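Values quoted throughout were computed directly from the atomic coordinates according to the rules given, and no laboratory measurement underlies them. Keep in mind that this is a model prediction, so the values were computed, not measured. So basically every Cβ, Gly included, is an ideal-geometry build from the backbone, and we count neighbours across all protein chains shown.
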Protein chains: 2
Amino acid sequence: MPNDIPEFLGQLAIILFSTKLLGILMRKAGLPQVLGFIIAGLLVGPALWEVIFGEIANPIFPIKRSGYLDAFAEVGVVFVMFTAGLETNLKDVKDTGIVSFLIAAGGVLLPLAAGVGLGAAFLPEEGFSTWLFIGVVMTATSVGITVEVLRELGKLQSKVGTVVLSAAIIDDVLGIMILAVVLSLTGGRTDNAVLSAINPNGNSFVSVLWILAFFVFAVGAGIGFSKLFKYIEKKSPHTRRIPILSIALCFLYAFVAEKVFGVADITGAYIAGLVLSTNHASAQYVDRKVTINSYTLFAPIFFASIGIKIGFGNFGGHILLFAACFVIVAIAMKIIGCGGTAKLCGFKWKDCVRVGVGMIARGEVALIVTEKGIEGGLLSADYRAITVLLVMVSSLLAPILLKLLYKKDDTPLPLSKTATEEGSYE
Amino acid sequence: MPNDIPEFLGQLAIILFSTKLLGILMRKAGLPQVLGFIIAGLLVGPALWEVIFGEIANPIFPIKRSGYLDAFAEVGVVFVMFTAGLETNLKDVKDTGIVSFLIAAGGVLLPLAAGVGLGAAFLPEEGFSTWLFIGVVMTATSVGITVEVLRELGKLQSKVGTVVLSAAIIDDVLGIMILAVVLSLTGGRTDNAVLSAINPNGNSFVSVLWILAFFVFAVGAGIGFSKLFKYIEKKSPHTRRIPILSIALCFLYAFVAEKVFGVADITGAYIAGLVLSTNHASAQYVDRKVTINSYTLFAPIFFASIGIKIGFGNFGGHILLFAACFVIVAIAMKIIGCGGTAKLCGFKWKDCVRVGVGMIARGEVALIVTEKGIEGGLLSADYRAITVLLVMVSSLLAPILLKLLYKKDDTPLPLSKTATEEGSYE
């Protein structure tokens, strides 16, 4: 073992202790635990300490970015997206059908367009790719926060509840597809040898075809794997084979997506989860096992690593103004985009506002998209802090506003028993 | 994310697929799965391919050693030792008491002495430290194989069964302590800043005192943590807090052991597990969660990494002769050391042979000790293949011989339901 691995083990201990502590505190305050994980990362990372003490050379604390940390964080985000795919109930989506799809589309397109406009206004020196990416960061709703609030209010199975839930799922899928296209088109993946060979001139049309080829391949191969797993599951039910093979499949998809098709690894992991989710019984079993891997180790490391990488180097007036506008636009456009579409679909005004507010929370996906944008050179590292701000404000606002909107209408339904207890990070 | 992480994800997929496949095959053949994991590593690693094709520069396959792989493998071995500690039932050990302790001591001291002699005979050019280490590799019995065979034969709760089980546990503890002392005395840990500061002249007496200080610290702090966890468990039973905090504690102990006390990180992890094992209810719960982490990902990676690191560079006649003697001596000395002590304790001859044979299997700990010896510069890298040979031969012999020895005495007890189903890697 290289000599610096014991230091890394010490850092893992610090990360796990601090994320658990801050996660519990956040949960007590009614906020999502991921926020606690990120804040823990900020506290144990170098940013705040260096503001006070200047450069610190200690190899253990404050925890700096390292190759080991990057690898664990990447496996973490791959698992987060894989379980998101596994937990997707495509049947629910089909049931609420076209209405949810339209609401999701409204809530994706309006923030996307507004983000591009905001980028053009504030960062005219950057190109269209960066503006587009600012829009992409705004697109994905975080379903977890909304679901927990609606469940608490007893409204999860109301019309608004089911529509919001389905729309949030669809909006994840749309967001992931837009991310795949944008990353691929904007040259964020120019290191992909296969894509460069097929498409040496960077023709956009060929790139989009190649992305479509990925989805066709992924779903096609996925159906085959899903059948194979079903067969194994039937022969020897609930052995450890299925979870291990599923995790292997997740890594394989992540690798093939990134290295063969030039699509982000997280897209591959998400699609792997989505494909396996169709096989219900084993999807739940696999999800439980992967979630344990994820919550006990990898997810805290991933979210803490975001906090660890936050820097306050370039924070001036301009960027603070931009951050404020970014957060306001991102929240307002979700309310208008989703609520407006709901109105067009014939919802009552009261329910339109509820649907719109139910969609404002941003979480994991926005953070992940931001990381991918920074890696691809499309966003400056300052975005980390800005997206964290959006996640904080929207996660604070969503429960407060939803509770206010439901205050007069106080007849809770019986509590349903769904996936969140396993799916959250407590 | 650095550009080579997607390649690593692809390698993880290959490792998981191949270890699962070979693991299942081994199990079907009645052999321990870890052997399958190591063979899978040998197959996907460079050794065999380079014998056929010469140097291969592909960044993905065959899988070569990398920093990422090392970090995952190290977390893997830390988890393997942590769960070994957690699964230790100190009450069982107390019940069979002094007899088991004497048998374990006989089975540790005789192979240790024989190993030193073998080293002196074959490797006179190496120093006493290396000879000692050859002995240490021989000491630890792998309880898993023996337990599974005895359970299958319905003899796990017989006198021989309980004595073998307890002696194997004690022999793990003795082995770990000897490893700690030997590694520390032979300068395998000279990079430890704290130890160098306390003991600049490398005085052996001070080093041993410092190791004792570690055990006192570890057990003392451990009792405190164990009480704290009991309190948390009582306040909010079976939440995810306990497993996460336990894993954090395991990493903390591994780090402190290595960096503060100059003891191997795996010793720290094992002691952390041992300390938490005294709190029964939560130990089982934590063990289940950590085992899931371990078997779905980390343990296969660790054992495969041993196979990946195997090299056949220096294999000549001398080393093959040494390997043969090593395996024969390691097996014979366990039978004589344990069986002979059993005779002195008043066992019947038939049962003495059974006890001796029940202790011959070597596994995880021998492999781990070998890795630590190679890292510390006390053993040449050829030892990897030699220890793997010992594990293979002894795991093949143990079940065959035990079944023969019990053949005439065929009245199986009712099958007991103990930890192995969760503890094995299926």
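Points to keep in mind about this one:
- Spacing of the modelled spin labels on residue A:92 and residue B:344, each 7 Å from Cα toward Cβ, amounts to 6.7 nm.
- Of the GluC sites (Glu not before Pro) found in segment B:1-64, those that fall in a DSSP loop while having at most 13 other beta-carbon atoms within 10 Å are B:55.
- Eligible lysines near residue A:64 by straight Cα distance, threshold 18 Å, same-chain separation 8 or greater: A:309
- Nearest-20 debye value, segment A:73-423 charge dipole, Cβ charges on Lys, Arg, Asp, Glu: 980 debye
- Local net charge near residue A:279, Cβ-Cβ under 10 Å (Lys/Arg +1, Asp/Glu -1): +1
- Summarising the label geometry, the points placed 7 Å from Cα in the beta-carbon direction at residue B:27 and residue A:152 lie 4.2 nm from one another.
- Label points for residue B:64 are taken 7 Å from Cα along Cα→Cβ. From this copy to the others they lie 2.7 nm apart, shortest first.
- Evaluating 6.51 cos²θ - 1.76 cosθ + 1.60 at θ = phi - 60° for every residue in segment B:88-100, the Karplus couplings come out as 6, 9, 5, 5, 3, 4, 4, 4, 7, x, 4, 4, 4 Hz, glycine and proline recorded as x.
- Counting only other chain Cβ atoms within 10 Å of each residue's Cβ, the peptide A:64-71 averages 4.
- 10 Å Cβ neighbours from other chains, averaged over peptide A:257-263: 2
- Backbone N atoms of segment A:54-75 closer than 20 Å to the 7 Å Cα→Cβ label point of residue A:4 belong to residues A:55-75.
- Residues of segment A:146-164 with amide N under 20 Å of the 7 Å Cα→Cβ point at residue A:400: A:146-153
- Simple label model, 7 Å out from Cα along Cβ direction - residue A:278 to residue A:336, nm: 3.9 nm
- A straight Cα-to-Cα reach below 23 Å connects residue A:334 with the lysines A:94, A:155, A:159, A:343, A:348, A:350, A:372, A:403, A:407, residues fewer than 8 places away in its own chain not being considered.
- If R0 is taken as 56 Å, the Cβ-Cβ distance between residue B:128 and residue A:228 corresponds to a FRET efficiency of 0.50.
- Projecting 7 Å from Cα along the Cα-to-Cβ direction, the label point of residue A:208 sits 7.7 nm from its equivalents in the other copies, listed shortest first.
- Ellipticity at 222 nm from helices only: DSSP H runs of n ≥ 4 in chain A, each -39500 (n - 2.57), divided by the residue count, give -25000 deg cm²/dmol.
- The protein assembly as shown - charge dipole about Cα centre, Lys and Arg +1 at Cβ, Asp and Glu -1, debye rounded to 20: 2640 debye
- Between residue B:407 and residue B:65, the contour length at 0.36 nm per residue exceeds the alpha carbon distance by 118.6 nm.
- For segment A:288-388, trypsin sites (Lys or Arg not before Pro) meeting the loop criterion (DSSP other than H, G, I, E, B) and having at most 14 other Cβ atoms within 10 Å: A:348.
- Counting only other chain Cβ atoms within 10 Å of each residue's Cβ, the peptide A:286-294 averages 3.
- For chain A, built as a Gaussian network whose Cα springs stay under 10 Å, the top-fluctuating residue of A:369, A:290, A:216: A:216
- Estimated FRET transfer efficiency (residue B:58, residue B:196; beta-carbon r; R0 35 Å; 0.05): 0.25
- For residue A:288, the label point sits 7 Å beyond Cα toward Cβ; its separations from the matching points on the remaining copies run 0.8 nm, from shortest to longest.
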